[in-house]
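Step one of this worksheet: look at the structure below.
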Amino acid sequence: MREVVPAGRLRRALTEPLLPVPVLALLAVAAAALDATVLCWAAVGALAGFSLSGSV
């Protein structure tokens with residue numbers, strides 16, 4: 001039987017910036033290096049939205 005995870009722990013795990021922030025930053029840098037302007041700005045916008053959402 002599966003263990004039930006309390007909502008607080010689950011929410012904390014989903015909003016932990018440890019993984020999404022570096023991944024989005026690497027995506028932005030890689031897109032800029034490949035001259036993929038739209039993808040680069042999309043990644044930068046995702047980083048801004050993530051930081052403005054109060055998750056960080």
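Values as computed for the structure displayed
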{"item": "Selection status of residue 47, at pLDDT below 75 and under 11 Å from the mean Cα position of the chain (by Cα)", "result": "no"}
{"item": "Near pairs, Cβ below 8 angstrom, 6+ apart or cross-chain, from the range 12-30 (free of Cβ contacts under 8 Å to residues at least 24 places away in the same chain) to any residue that is surrounded by 11 or more Cβ atoms within 10 Å (Cβ to Cβ)", "result": "25/43; 25/47; 27/39; 27/43; 28/40; 28/43; 28/44; 28/47"}
{"item": "When residues of the range 1-23 are limited to those that are under 21 Å from residue 51 (Cβ atoms), in a helix (DSSP H, G or I) and hydrophobic (A, V, I, L, M, F, W, C), the one modelled with the lowest pLDDT", "result": "14"}
{"item": "Enumeration of residues in the range 24-56 that are assigned to a helix (DSSP H, G or I), open to solvent by 90 Å² or more (accessible area, probe 1.4 Å) and closer than 22 Å to residue 11 by Cβ", "result": "52"}
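The values are calculated or read from the model by the stated rules, or taken from the named source; none is laboratory data. Note that the structure is predicted; figures quoted are calculated from it, not measured. Counting neighbours? That spans all protein chains shown, and the Cβs are built from the backbone with ideal geometry, glycine included. Heavy atoms of the whole protein, side chains included, go into the accessibility calculation; ligands, DNA and RNA do not. Shrake-Rupley method; radii C 1.70, N 1.55, O 1.52, S 1.80 Å.
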